[in-house]
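Enquirer: The structure follows.
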Amino acid sequence: MSLEQPRDAAAVERTLGDELETLLGDRVLGREEHVNAPGFVIRPGDVQDVLFRLRDEAGFDHLSCVTAQEYEDRYESIYHLKKYADPTQEVSVVVPTDKENPVSQSAEPVYRTADWHEREAYDLVGIKYEGHPDLRRILLPETWQGHPLSLDYDQDRPQVVPLREHANPLHEDHADEQDADTMYINVGPHHPATHGVLHLKCILDGEQVVDVESDIGYLHRCEEQMAQQGTYRYQIMPYPDRWDYISAGLLNEWAYARAAEDLADIDVPEYAQVVRTMGAELCRIAAHMLAVGTFALDVYGDFTAIFMYAIRDREKAQNILEDLTGQRLMFNYFRLGGVVWDLPEPREEFFEKIRDFLDDLPEALEEYHDLITGNEILQARTIDTGVLPPDVAKSYGATGPVARGSGIDYDLRRDDPYGYYDELDWDVAVEDGCDNFARLLVRLREVEESAKIIDQCVDLLEDWPEDERTIQSNVPRTLRPDDDKEIYRAVESAKGELGIYIRADGTDKPARFKIRSPCFSNLQTLPEMSNGEYVPDLIASLGSLDIVLGEVDR
Amino acid sequence: MSSDQPFVTDDTQVLTETRDARMTGEAPGATDDRFNSKLREAFGSSPFILTKFDKFMNWVRGSSMFMLQFGIACCSIEMMHTYAVKHDLDRFGAGVPRASPRQADVIIVPGTIVSKFAPRMKRVYDQMPEPKFVVGMGNCTISGGPFQQGYNVIKGAEEVIPVDIHIPGCPPRPEALIYGVAKLQERIANGESAPVVVKPYELEQFGDLDRDEIVDQLAAQIDEDDLVMRYNWADSP
Ligand code: SF4
C-alpha cells in the first residue's frame with residue numbers, strides 16, 4: 001500500500017471534521033484526532049441532541065460501537081459513528097463525565113443498538129446513562145460487586161452468584177383477561193438450539209411469542225481484560241481466535257492486526273496480504289458451512305445428512321488451514337506486519353489441495369441447494385419468518401449476512417478495503433427478502449464468492465516470484481505506540497463488522513482494548529424478528545442470525 | 001508349497017486341544033477344574049463365561065455411553081467434529097449426543113466456565129441420573145486455560161463438579177478427545193468411580209475430615225431452592 005492513500009484520507013477527514021463542527025456549532029467543547037476519525041468532545045447532557053443531528057443531517061446512520069473507559073481524572077464514553085452508505089466516513093463523539101458522579105445521557109432514543117452497548121458500559125466500567133430504558137448489568141451476574149474494567153476494581157474480592165427461578169413479568173398483565181394466559185419458558189442456557197450458552201427468556205401466549213429477552217454473559221471470558229494485559233507484539237494475537245471460534249480465527253486475527261498495524265504505522269508486504277486474504281476466505285467458508293449446517297439442524301431437528309455434509313466440507317477447509325497454519329482451529333497465524341510463516345512446502349501440492357477443494361465446491365453447493373434451499377419444508381419454515389426490515393436492522397447496527405439478507409449493501413471488504421480485496425474480482429452477496437431464507441441464501445452465495453477470491457489468490461501466489469516472497473515487514477521487537485493515540489478499525493468477519501478500539505498510553509500494552517462484536521449487535525434484533533411469531537420461528541430466526549456466544553459475550 | 005496345505009491355523013483344533021489339556025490337567029498351570037464343573041456338564045459344548053455381575057455391569061456401562069449434548073465454548077466445535085463424520089465417536093460405543101441430561105451418562109465439559117454459568121452447569125450435572133461421568137475437555141476445564149487471570153473465569157471445572165478425565169489442549173484435537181473418552185471407558189470398565197470434589201478453600205474450612213463427613217457438611221450447606229455459588233477468587237488456585 002502506498003503512503004499517499006492515508007494522507008489523502010487524513011485530508012478528507014479534516015474537511016469532514018470541519019463541516020461537522022459547523023453543523024454542531026457550540027455543542028462542541030473541543031476536537032480530538034483519532035487515527036480513524038475526527039472526534040468531538042461534547043457535554044454529557046447534549047448526547048441525544050448531537051447524535052440526532054449527526055444522524056439526520058449528516059447521515060451517520062450506523063452506531064458501530066460504544067466504548068467506555070476510565071481515566072485518572074474522568075470517565076469517557078465514545079460513540080463511534082459510521083455511514084452504511086460509506087463506512088470510511090467516520091466520526092467519534094467523545095463524552096467525558098466526571099469522576100464522582102459519572103452520569104451521561106443515553107443514546108438509546110437515537111440508535112436502538114445503544115441499549116445493550118450502554119448496558120455493557122455500565123456493567124464493566126460503571127458509567128450511568130440517564131434516560132436509558134433498562135440500565136441493568138448485562139454480562140456479569142446481577143449480584144456482582146464492582147465494575148471490573150474500572151481502575152480501582154479488586155479482582156480478589158469474593159462474589160456470590162445465585163440461581164433462582166425466573167418470574168414471568170407479563171403474568172399480571174395477561175392474567176385477568178379470560179383465556180389469554182401467558183407462560184414463561186426458559187430456552188437455555190443449556191439447550192441445543194441456542195448454539196452455545198445463550199439464555200432466552202420467552203413469554204408465550206399459546207404457541208406465540210409475546211416477548212423474548214436474551215440473557216447473555218454465560219461466556220463472558222474477560223477478553224478485553226486479557227488483551228489489556230498482553231503486549232502488542234505477540235501476546236494479544238492468540239486471543240482473537242477465541243472470540244468467534246467457529247473457525248473464523250484468521251478473520252478475527254485480521255481485526256486485531258489491522259487496528260494495531262494502523263495504530264503503530266506498520267506496513268504489510270503485498271505477498272503477506274495475499275496469503276492473509278486466502279486464509280481468511282477459507283475461514284469464512286468453514287464458518288458459513290457450520291452456520292448452514294446448524295441452521296438446518298435447528299429447522300429440521302435431525303443430526304443427520306445436512307449437518308454431516310457441512311462438517312465434511314468444513315473438515316476439508318480445516319485440513320487446508322492446518323497445512324497452512326499448523327492448527328485446526330486456533331490458528332495464531334497472523335503477526336503484526338505479516339504472517340508467521342510462508343506457505344507449506346511443497347507448494348505445488350498445497351495449491352493442488354486447495355484447487356481440489358474448490359473444484360468440489362460447486363457440486364457440494366449444488367447438494368446444499370437440493371437439500372436445503374430447494375426443500376419445500378424448509379422454505380415453508382423460513383420464507384417470511386423472522387422478518388427484519390432494513391431500517392430496523394440499521395438502527396440496531398446489524399452487519400454481515402444479517403444486514404445483507406435485509407438488502408443492506410454493506411461489506412467492509414469492498415467499502416473500506418483492506419488486504420488484497422480491492423485488487424480481486426468478486427461480488428457482495430445481497431438479498432432483499434429480509435427473512436430467514438434470505439440470510440441463508442446470503443451465506444451460501446458468500447461461500448461461492450469466497451471460493452472465487454481464493455481461486456484468484458492461488459493464481460497470484462503460484463506466479464509470485466521466489467525472491468519477493470516477503471512474509472513479514474520489519475517490526476520493532478517491542479511496540480510502543482504514542483501516548484494517547486486512539487484508533488477504531490473494523491474488518492468484515494464471518495458474522496459482520498468486527499471492530500477494535502485501542503487506546504495507547506505509551507507502554508507496550510494497550511490502555512483500553514474494546515471489541516465491537518458483530519454478533520452482539522445482531523443478536524439484539526431477535527425480539528424484533530420474533531415477537532408475535534410462533535416459537536419454532538423464534539428458533540429458526542435465532543439460527544439464521546448465526547451468533548457465536550464467544551463473540552457476543554467476549 | 002502345496003496347494004492343499006494353506007497357511008492357516010485351524011482354531012477349532014487349537015481350542016479343542018487347549019480345553020482338553022485343561023480338563024485333563026496336563027497343561028502347565030492348569031490346576032483349576034472349572035472346565036470340569038457341573039456348569040460344563042449342564043452347558044455341554046456351548047460357550048459361556050463366568051464373571052461377577054458388577055464387573056459385567058461395568059463393562060456394559062463402558063461399552064454404551066450416552067453423551068450429553070452440551071456446548072460451552074470453542075472446544076465444543078471440536079467436540080462436534082468428533083461426533084460427526086471423519087472422527088465419528090460412535091464407533092467406540094460412545095456417540096449419540098442426548099439433548100436432555102436425564103438421558104445422558106457422560107457430560108463432556110467443552111469450554112471455559114464463567115461465574116454466571118457455573119451454577120447452571122452444576123444444575124445440569126445434578127439432573128443427570130447416576131452413575132454419571134465427566135470428561136473435562138480443554139485447558140479451560142483444567143485451570144481456566146488462557147483466561148485463567150480473568151475476573152470472571154472459574155479456574156477449572158473441578159471447582160464446580162467432579163471430573164473423571166482431563167484432556168489438555170486448546171482445543172484438544174478430536175483424536176485427543178477420542179483417546180480421553182476411550183480412557184474413561186477403560187476406567188468405567190475397571191469400576192473406578194468419580195472422585196468427590198472439594199474446592200481448595202473448602203478443604204481448608206473442613207480441616208481434615210473424612211471424605212464422607214466432608215460430603216455431609218457440603219450437603220448441609222446447599223439451599224434447596226436457591227443454588228448459590230460462592231467464588232473466592234483470591235483463594236482459588
Ligand atoms: S481450552 Fe482453549 S479452545 Fe477450549 S474452550 Fe478453552 S480457550 Fe477455547
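Enquirer: Placing +1 on the Cβ of each Lys and Arg and -1 on the Cβ of each Asp and Glu in region A:445-554, which of A:539, A:460, A:520 has its Cα farthest towards the positive end of the resulting dipole?
Expert: Result: A:520.
Enquirer: Under the rule that an exposed site lies in a DSSP loop and has at most 15 other Cβ atoms within 10 Å, name the longest stretch of chain A with no chymotrypsin sites (Phe, Trp or Tyr not before Pro) of that kind, not counting the sites themselves.
Expert: A:342-554
Enquirer: Give me, ordered by chain and number, the residues 5 or more places off residue B:73 or on other chains with an amide H under 5 Å from its own placed amide H.
Expert: Close amide H contacts, sequence-distant or interchain: B:111, B:112.
Enquirer: Name the lysines eligible as straight-distance cross-link partners of residue B:38: C-alpha to C-alpha under 21 Å, and not fewer than 8 places from it in the same chain.
Expert: B:52
Enquirer: Now for a different question. If you filter region A:74-121 for trypsin sites (Lys or Arg not before Pro), then keep DSSP loop positions with at most 15 other Cβ within 10 Å, what is left?
Expert: A:99
Enquirer: Sticking with this one: Let's test the formula: R0 of 60 Å, r as the Cβ-Cβ distance of residue A:156 and residue A:23. What FRET efficiency results, to the nearest 0.05? Working shown, then result.
Expert: Details: r = 48 Å, r/R0 = 0.81.
Computed FRET efficiency for residue A:156 and residue A:23 comes out at 0.80.
Enquirer: Right, next: Say each of residue B:63 and residue B:186 gets a label point 7 Å from the Cα, pointing the same way as Cα to Cβ; how far apart are those two points in nm?
Expert: Each label point lies 7 Å from its Cα, and together they span 1.8 nm.
Enquirer: For residue A:508 and residue A:531 in the same chain, what is the full-extension length gain: residue separation times 0.36 nm, less their Cα-Cα distance, in nm?
Expert: That works out to 3.5 nm of additional length.
Enquirer: Among A:369, A:260, A:88, which residue has its Cα furthest toward the positive end of the charge dipole of the protein assembly as shown, with +1 on Lys/Arg Cβ and -1 on Asp/Glu Cβ?
Expert: Selected residue: A:260.
Enquirer: Give the percent of DSSP beta bridges with both residues in region A:9-130 that are antiparallel, rounded to the nearest 5.
Expert: Antiparallel bridges make up about 80 percent of those DSSP assigns within region A:9-130.
Enquirer: Among the complete DSSP H segments of chain A, which ones combine at least 18 Å of alpha-carbon extent along their axis with a mean Kyte-Doolittle hydropathy of 0.0 or more?
Expert: Helix filter hits for chain A: A:270-300, A:436-462.
Enquirer: With contacts defined as alpha carbon pairs under 8 Å and 6 or more residues apart, what's the relative contact order of region B:56-189 in percent?
Expert: For region B:56-189, the relative contact order is 28 percent.
Enquirer: Filter the cross-link list B:132/B:155; A:201/A:394; B:122/B:183; A:495/B:132; A:83/A:514; A:82/A:316 down to pairs whose alpha-carbon distance in this structure exceeds 27 Å.
Expert: In this structure, A:495/B:132; A:82/A:316 lie more than 27 Å apart at Cα.
Enquirer: Follow-up. Counting only GluC sites (Glu not before Pro) that are in a DSSP loop and have at most 15 other C-beta atoms within 10 Å, tell me the longest site-free stretch of chain A. Please list the in-between numbers first.
Expert: Working: sites that count: A:57, A:72, A:100, A:142, A:165, A:177, A:207.
Counting at most 15 other Cβ atoms within 10 Å as exposed, the longest clean stretch of chain A is A:208-554.
Enquirer: Where nothing but the Cβ of Lys and Arg (+1) and of Asp and Glu (-1) is charged, how large is the charge dipole of region A:184-251 around its Cα centre, in debye to the nearest 20?
Expert: Dipole of region A:184-251, to the nearest 20 debye: 440 debye.
Enquirer: Residue A:490: net charge of surrounding residues, Cβ under 9 Å, Lys/Arg +1, Asp/Glu -1, itself excluded?
Expert: +1
Enquirer: Carbon-plus-sulfur fraction of the accessible area of region A:9-130, 1.4 Å probe, in percent? Don't skip to the end; give the middle numbers.
Expert: On the way: 2000 of 4350 Å².
That share works out to 46 percent.
Enquirer: Moving to a separate point now. Within region A:347-389, list the residues whose amide N lies under 19 Å from a label point set 7 Å along Cα→Cβ of residue A:459.
Expert: In region A:347-389, the label zone of residue A:459 (backbone N under 19 Å from the point 7 Å along Cα→Cβ) covers A:348, A:351-362.
Enquirer: I would also like to ask the following. Under a point-charge model restricted to the Cβ atoms of Lys and Arg (+1) and Asp and Glu (-1), what is the dipole moment magnitude of region A:9-130 relative to its Cα centre, in debye to the nearest 20?
Expert: Dipole size: approximately 180 debye.
Enquirer: Give me the percent of DSSP beta bridges within the protein assembly as shown that run antiparallel, rounded to the nearest 5.
Expert: 75 percent
Enquirer: Still on this structure, I have one more. Give me a comma-separated list of calculated 3J(HN,Hα) values for region A:499-511, in order, Karplus coefficients 6.51, -1.76, 1.60 applied at θ = phi - 60°, integers in Hz, x for any Gly or Pro.
Expert: With coefficients 6.51, -1.76 and 1.60, one gets x, 9, 10, 10, 10, 8, 10, x, 9, 8, 10, x, 7 Hz.
Enquirer: Same structure, new question: Among the lysines, select those whose C-alpha is under 20 Å from the C-alpha of residue A:509, and discard any that sit fewer than 8 residues away in the same chain.
Expert: The qualifying lysines are A:485.
Enquirer: Right, something else. To the nearest hundred square angstrom, how large is the accessible surface buried between A and B, total for both chains, probe 1.4 angstrom?
Expert: 4600 Å²
Enquirer: Here's another thing I want to ask about it. Need one number: nm distance between label points at residue B:56 and residue B:86, each 7 Å from Cα along Cα→Cβ, rounded to one decimal.
Expert: About 4.2 nm, to one decimal.
Enquirer: About the Cα centre, and with charges only on the beta carbon of Lys, Arg (+1) and Asp, Glu (-1), how big is the dipole of chain A? Nearest 20 debye, please.
Expert: 1460 debye
Enquirer: Restricting to DSSP H runs of at least four residues, report the calculated mean residue ellipticity at 222 nm for chain A, -39500 (n - 2.57) per run over all residues, nearest 500 deg cm²/dmol. Intermediate results must be reported in sequence, preceding the final value.
Expert: Details: 18 runs with 219 residues, N = 554.
Calculated at 222 nm, the ellipticity per residue is -12500 deg cm²/dmol.
Enquirer: Using θ = phi - 60° and the Karplus relation 6.51 cos²θ - 1.76 cosθ + 1.60, list the HN-Hα couplings for region A:375-392 in order, rounded to whole Hz, with x at every Gly or Pro.
Expert: Values, residue by residue: 8, 5, 4, 5, 4, 4, 6, 10, 6, 6, 10, x, 6, 10, x, x, 5, 5 Hz.
Enquirer: What is chain A's relative contact order, in percent, from Cα pairs under 8 angstrom and six or more apart in sequence?
Expert: Reported relative contact order: 17 percent.
Enquirer: In addition: Once the piece of chain linking residue A:48 and residue A:392 is laid out straight, how much longer is it, given 0.36 nm per residue of separation minus the C-alpha distance between them?
Expert: Working: separation 344, 0.36 × 344 = 123.84 nm, distance 1.88 nm.
Extending this stretch completely gives an extra 122.0 nm.
Enquirer: Next question. Name the residue farthest towards the positive end of the dipole of chain A from the options A:304, A:248, A:231, assuming +1 on Cβ of Lys and Arg, -1 on Cβ of Asp and Glu, about the Cα centre.
Expert: A:231
Enquirer: Over region A:223-553, what is the mean sequence separation of C-alpha contacts under 8 Å (at least six apart), divided by residue count, expressed as relative contact order in percent? Intermediate values should be presented prior to the final figure.
Expert: Working: 619 pairs, mean separation 89.9, N = 331.
Normalised by residue count, the contact order of region A:223-553 is 27 percent.
Enquirer: In Å², what does the accessible area per residue of chain A work out to with a 1.4 Å probe?
Expert: Per residue, chain A has an accessible area of 35 Å².
The values are calculated or read from the model by the stated rules, or taken from the named source; none is laboratory data. Here the structure is a predicted model, which means the values were calculated and not measured. Counting neighbours? That spans all protein chains shown, and the Cβs are built from the backbone with ideal geometry, glycine included. Each accessible area value is taken on the protein alone, full model and side chains, heavy atoms only, with ligands, DNA and RNA left out. Shrake-Rupley method; radii C 1.70, N 1.55, O 1.52, S 1.80 Å.
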